[in-house]
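Each remark here refers to the structure printed beneath this line.
The values are calculated or read from the model by the stated rules, or taken from the named source; none is laboratory data. Please read these numbers as outputs of a predicted model, since none were measured by experiment. As a convention, Cβ positions derive from the backbone with ideal geometry for all residues, glycine included, and neighbour counts pool all protein chains shown. Note: accessible area is taken over every heavy atom of the protein model, side chains too, but ligands, DNA and RNA are not part of it. Shrake-Rupley method; radii C 1.70, N 1.55, O 1.52, S 1.80 Å.
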Amino acid sequence: QVQVVESGGGLVQPGGSLRLSCAASGSMFSTYIMEWYRQAPGKRRELVALITPGGNTNYADSVKGRFTVSRDNTKNTVYLQMNTLKPEDTAVYYCVANQGFTDSWGQGTQVTVSS
């Protein structure tokens with residue numbers, strides 16, 4: 001079972017930045033598609049960004065141009081750099097290690113954008 005642990009959430013003012021980190025266990029990290037989801041109160045969980053083993057990325061329209069996903073396979077870690085944050089970005093952010101045959105989810109980290 002792959003263990004996934006997110007960190008880096010917190011309270012930030014509108015227009016500010018945060019970087020989330022996600023560490024995943026296992027020797028096959030470089031083969032996983034790594035995904036970031038978020039869920040705001042009263043809303044459905046949505047896919048925010050993903051990065052493939054080859055480094056290809058994809059983003060939700062709502063975060064394009066503001067968020068950047070990257071990975072460091074030497075550290076078994078994926079990052080989500082979030083810039084120009086808006087109040088509507090407030091949510092619990094989850095990291096997922098997509099191994100193809102199964103997914104492993106982290107516990108989530110809270111991001112709150114408020115003045």
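A few notes on this one:
- In the context of the full set of protein chains, residues of the chain present 52 Å² of accessible surface per residue (probe radius 1.4 Å, heavy atoms only).
- Gain on full stretching of the segment that runs from S114 to R66 - 0.36 nm per residue minus C-alpha separation: 15.6 nm
- Prolate is the label for the chain, because the ratio a/c of its alpha-carbon gyration tensor axes (a ≥ b ≥ c) is 1.5 or higher and a/b is greater than b/c.
- Under the combined filter of DSSP loop state and at most 11 neighbouring Cβ atoms within 10 Å, the range 78-107 retains these chymotrypsin sites (Phe, Trp or Tyr not before Pro): F101.
- DSSP-defined antiparallel bridges as percent of all bridges, the chain, nearest 5: 90 percent
- Between A40, Q3, S104, the Cα set farthest toward the positive side of the dipole of the chain (charges on each charged residue's Cβ, about the Cα centre) is that of A40.
- Net lengthening on full extension, S27/N58 (0.36 nm per residue, minus Cα-Cα): 8.7 nm
- Candidate lysines for bridging to K86, where Cα separation is under 24 Å - those fewer than 8 sequence places away on the same chain excluded: K43, K64
- The portion of the accessible surface of the chain made up by carbon and sulfur, rounded to a whole percent, is 47 (1.4 Å probe; DNA, RNA and ligands excluded).
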